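Read the structure below first, then the notes.
The values are calculated or read from the model by the stated rules, or taken from the named source; none is laboratory data. Computed from a predicted structure; not experimentally measured. Glycine also receives a Cβ, built like all others from the backbone with ideal geometry; neighbour counts cover every protein chain displayed. Quick note on the areas: whole protein, heavy atoms, side chains included, nothing else; ligands and nucleic acids left out. Shrake-Rupley method; radii C 1.70, N 1.55, O 1.52, S 1.80 Å.
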Amino acid sequence: QVQLVESGGGLVQPGGSLRLSCAASGSIFRLNAMGWYRQAPGKQRELVAAITNAGSTNYADSVKGRFTISRDNAKNTVYLQMNSLKPEDTAVYYCKLRSLATGMDYWGKGTLVTVSS
């Protein structure tokens, strides 16, 4: 089993920054992709950013140029640096790990990000 624990969410004013962290533990597969998704009230969960253990990244168009995903493979941790935050970024942010060998997905419980003045 894999456990994912997110941290770093909170309340921030528009234009501000937050850094989310997601630490993975348990049976971590060597080849995996980790990512951040978000779900706003009344909306479907959507991909924000993802990164493979080789460092390849992809981003949702809505966050390109503002958010940066990175990872520390030694710590099995993925980060999401969020700058120039907007009210529409308000959502619960979830961390996901996908095993590239089995295709299985593992999810964290989420951390709330609220962008408001």
Rounded to the nearest 10 Å², the accessible area of T90 using a 1.4 Å probe with every protein chain kept is 40
Treating only Lys and Arg (+1) and Asp and Glu (-1) as charged, each at its beta carbon, one finds that the chain has a dipole about its Cα centre, in Debye to the nearest 20, of 100
On the formula 1/(1 + (r/R0)^6), with r taken between the Cβ atoms of L11 and K43 and R0 of 22 Å, the FRET efficiency rounded to 0.05 is 0.65
Note: probe point = Cα of D105 + 7 Å toward Cβ; backbone nitrogen < 20 Å; residues of the stretch 21-35 passing the test are 21-25, 27-35
The chain: relative contact order from alpha carbon pairs under 8 Å, six or more residues apart, as a whole percent, is 36
Looking only at aspartates and glutamates whose Cα falls under 13 Å of K64's and that sit 8 or more positions away or on another chain, we get D89
